[in-house]
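A short write-up of the structure that comes next.
The values are calculated or read from the model by the stated rules, or taken from the named source; none is laboratory data. This is a predicted model, so every value here is computed, not measured. Cβ: placed from backbone, ideal geometry, glycine included. Neighbour counts: every protein chain shown. Note: areas computed on protein heavy atoms with side chains; ligands, DNA, RNA excluded. Shrake-Rupley method; radii C 1.70, N 1.55, O 1.52, S 1.80 Å.
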Amino acid sequence: MKTKVAPPTSPNTSRVSPWLAQLVYPLGTYIVLPFFFSKLEVIGQENLPPTGPVILAPTHRSRWDALLVPYATGRMVTGRDLRFMVSADEVRGVQGWFIRRLGGFAIDTKHPAISTLRHGVELLQAGEMMVIFPEGNIFRDGTVHPLKPGLARIALSAESSQPGLGIKIVPINLSYSQPYPRWGCEVKIRIGSPISVADYNTGSIKQNAKALTTDLEAALNALNAHEAELPTVRASEVKNNDSISDDSIASF
């Protein structure tokens, strides 16, 4: 009996296809999202850094988030393409083809490879704008759940590798009028003030990552507190502990 040998794993890289991005961004901005949502409001775009390394840290409420974050912060707004860190399950088949060509790169959320985390650091060193969902999973109950420490660790690793790099973390809250968005749903995206990673780049990385994660969670909670005006979701519509691991960091 022959033993099957797994094919070698290629180094983790990401890229943005210029022609595909030029097609997809306007399509989503002017056709798909306005058609699906009855109201789409974005607040705080002035908080988006125009240059330099940035980590966008959105709450995670729906698979629509992966389209709405670029709508509110991507090339049609800032002239910048986004790099998404997504779970390995999301980069398969046709969907994976699009994700890999629109700046996405995969991470094994249960056993994250050093090469993947290093790629995230390299993107920040290159001054890119990267998206990491710090809650890890989709949560539909309208509250901010405890954040995973991975985002802070990547940010601090990059900042400490190049003193003066100037990484900013931008908290973003997404709120839907329905826990499972359907046609005609309303959505509000609130972008908060950037957090400077350099302010946490002293002493123990472990302790700094904990402090940075705590402050980012507080910022997301503050943004979430503004969204009480959206239609109230009935408790019967929300499943307890409803979390779906998709385009996110679940454990690292």
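Which net charge results when you count Lys and Arg as +1 and Asp and Glu as -1 among the other residues whose beta-carbon is under 13 Å from that of residue 196?
Numbers: positive: 168; negative: 159, 199, 215.
Within the 13 Å Cβ shell, the charges total -2.
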- Note on the structure: Violations at 23 Å Cα threshold for listed pairs 39/168; 188/210; 168/206 -> 39/168; 188/210
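Fully extended, how many nm does the chain gain between residue 198 and residue 76 (0.36 nm per residue separation, minus their Cα-Cα distance)?
So the extension gain works out to 41.1 nm.
With all protein chains present and a 1.4 Å probe, how do 199, 215 order by accessible area, largest first? Kindly include the intermediate steps, with their values, before the conclusion.
Values: 199 120, 215 65 Å².
If we order 199, 215 from most to least accessible, we get 199, 215.
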- Query: At what distance in nm do the modelled label points of residue 160 and residue 221 sit from each other, each positioned 7 Å from its Cα along Cα→Cβ?
  - Reply: 2.7
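Local charge sum around residue 38 (other residues, Cβ-Cβ under 13 Å, Lys/Arg +1, Asp/Glu -1)? Mind dumping the intermediate values first?
On the way: positive: 39, 182, 188; negative: 41, 186.
Result for the neighbourhood of residue 38: +1.
Using a Förster distance of 30 angstrom, determine the FRET efficiency expected from the C-beta separation of residue 180 and residue 97, and round it to 0.05. Let's see the in-between values first.
Working: r = 26 Å, r/R0 = 0.88.
The calculated FRET efficiency here is 0.70.
Tell me, in nm to one decimal, what length is gained between residue 16 and residue 46 on full extension, where the rule is 0.36 nm per residue of separation less the Cα-Cα distance? Let's see the in-between values first.
Values: separation 30, 0.36 × 30 = 10.80 nm, distance 2.46 nm.
Stretched out fully, the residue 16 to residue 46 stretch lengthens by 8.3 nm.
Please compute the net charge surrounding residue 17, taking Lys and Arg as +1 and Asp and Glu as -1 over other residues with Cβ under 14 Å from its Cβ. Please report the intermediate quantities before stating the final value.
On the way: positive: 15, 75, 83, 100, 101; negative: 81.
Around residue 17, the charge tally is +4.
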